[in-house]
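Input: a single structure, listed below in structure tokens.
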Amino acid sequence: MIDLTGKVAVVFGLANKRSIAWAIAQKLNEAGARLAICYQNERLKKEAESLIPELRDAQIFQCDVSNDAEIETVFEQLKIAYGKLDIVVHSVAFAPADAIKNDFLFTTREDFRIAHDISAYSLIALARGAAPLMTEGGSILTLTYYGSTKVFPNYNVMGVAKAALEATVRYLAASLGSKGIRVNAISAGPIKTLAARGIGDFTKILNAVEERAPLHRNVDQLEVGNTAVFLASPLASGITGEITFVDCGYNVTGL
Ligand code: NAD
Ligand code: 0WE
């Protein structure tokens, strides 16, 4: 068993119990980490408040990652509450609905900007806020998707933003390596979360994985959580700048 007793983890991107962030928070907590959970806005506060009692030694904080002032404030609050940080989980993505529905050719400048700001730039902003608190080194994790590399119908500008996010992981790994801070991404297979709701062909995507992935099934949030615990732990001390697939092997298949 991996033991994260005495470690402090902050997780961004909790919307509801189906969120990948929630599974990661649960698994980190099971491993012994203290948990700071961040939700985006007032609208999601109630949900966070209702879930938090399921964890041991957890607190909630509000932070919209598109807002520099809120990022600054949350790291001030985390410093007061914990004094240090060991693990940061970025489980946040957003593109305006039109951009992941309409023809990619018509992606607007503003929708491109928003997708990249929230889904990729925010990792840099969070890493910069967290680094001074990661005084004993640490692990930064983000969530990506294979649409960064291959074309999936409708993923559109999110695919471009995930490509930027994965490159950001590599540059941050190089930037923070000398402080003993590792930066990695988990590339998860498709999972029915809030972020997947309303995506027309989602069942088709899930079925394609069942049919073609080496394991002939889909992944669940808890499998992503287990990999997050590993990457956050000393067992992964030699791994940084890496994209780890948790997709039942789908990405290695050619047909
Ligand atoms: P989710 O909807 O539960 O999580 C997305 C989170 O992003 C939400 O909690 C939302 O509040 C947060 N968010 C959006 N804009 C924000 C902002 N401005 N400030 C702060 N938070 C903001 O869905 P999820 O599937 O758990 O997504 C988490 C991550 O996993 C995303 O990066 C997503 O791209 C990635 N991912 C998801 C899948 C999938 O199929 N569900 C597959 C691979 C990767
Ligand atoms: O990263 C994602 C989805 C992220 C996402 C979802 C939404 C829906 C609501 C970002 N922005 C928005 N904006 C909204 O208004 N995934 C990996 C899940 C996902 O989304 C897809 C997928 C998969 C998988 C969209 C098209 C095709 C496949």
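Laid out as a table, the results:
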{"quantity": "So Ile37, is it in contact with a strand residue (DSSP E or B) (Cβ under 9 Å, 6 or more places away or on another chain), closer than 24 Å to Lys84 by Cβ and among the aliphatic types (A, V, I, L, M)", "calculated": "yes"}
{"quantity": "Qualifying residue in region 56-72 (condition: over 23 Å from Gly129 (Cα atoms) and free of Cβ contacts under 8 Å to residues at least 24 places away in the same chain)", "calculated": "no"}
{"quantity": "Residue selected from region 183-200 under the condition more than 11 Å from ligand 1 (Cβ to nearest atom) and in contact with a helix residue (DSSP H, G or I) (Cβ under 7 Å, 6 or more places away or on another chain), by the criterion nearest to Glu210 (Cα to Cα)", "calculated": "Asn184"}
{"quantity": "Residue identified as within 19 Å of the chain's Cα centre (by Cα) and surrounded by 23 or more Cβ atoms within 10 Å (Cβ to Cβ) among Ile140, Ile114, Ile118", "calculated": "Ile140"}
{"quantity": "Flag for Asn226 being within 11 Å of ligand 2 (Cβ to nearest atom), more than 25 Å from Ala125 (Cβ to Cβ) and open to solvent by 50 Å² or more (accessible area, probe 1.4 Å)", "calculated": "no"}
{"quantity": "Count - residues of region 149-194 that are near ligand 2 (Cβ under 10 Å from one of its atoms), in a helix (DSSP H, G or I) and surrounded by fewer than 21 Cβ atoms within 10 Å (Cβ to Cβ)", "calculated": "1"}
{"quantity": "Sole exception among (1) open to solvent by 50 Å² or more (accessible area, probe 1.4 Å); (2) more than 13 Å from ligand 2 (Cβ to nearest atom) for Leu133, by number", "calculated": "(1)"}
{"quantity": "Scan of region 3-28 for residues that are within 16 Å of Ile140 (Cα to Cα) and open to solvent by 10 Å² or more (accessible area, probe 1.4 Å), ordered by number", "calculated": "Lys7, Gly13, Ile20, Lys27"}
{"quantity": "Conditions (1) of a type outside the set (Asp, Glu); (2) at pLDDT 95 or above; (3) out of contact with any Asp or Glu (no Cβ under 9 Å at 6 or more places or on another chain); number of the one not met by Pro190", "calculated": "(3)"}
{"quantity": "Residues satisfying the stated conditions in region 32-65, i.e. open to solvent by 60 Å² or more (accessible area, probe 1.4 Å) and small (Gly, Ala, Ser)", "calculated": "Ser50"}
{"quantity": "Selection within region 195-223 - under 17 Å from Gly254 (Cα atoms) and within 8 Å of ligand 2 (Cβ to nearest atom)", "calculated": "Ile205"}
{"quantity": "Hits in region 189-230 (condition: within 29 Å of Pro132 (Cα to Cα) and among the hydrophobic types (A, V, I, L, M, F, W, C))", "calculated": "Val224, Ala228, Val229, Phe230"}
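The values are calculated or read from the model by the stated rules, or taken from the named source; none is laboratory data. No experiment lies behind these values; they were computed from the predicted model shown. Because the Cβ atoms are built from the backbone with ideal geometry, glycine has one as well, and the counts that use them run over all protein chains shown. Only protein heavy atoms, including side chains, enter the accessible area calculation; ligands, DNA and RNA are left aside. Shrake-Rupley method; radii C 1.70, N 1.55, O 1.52, S 1.80 Å.
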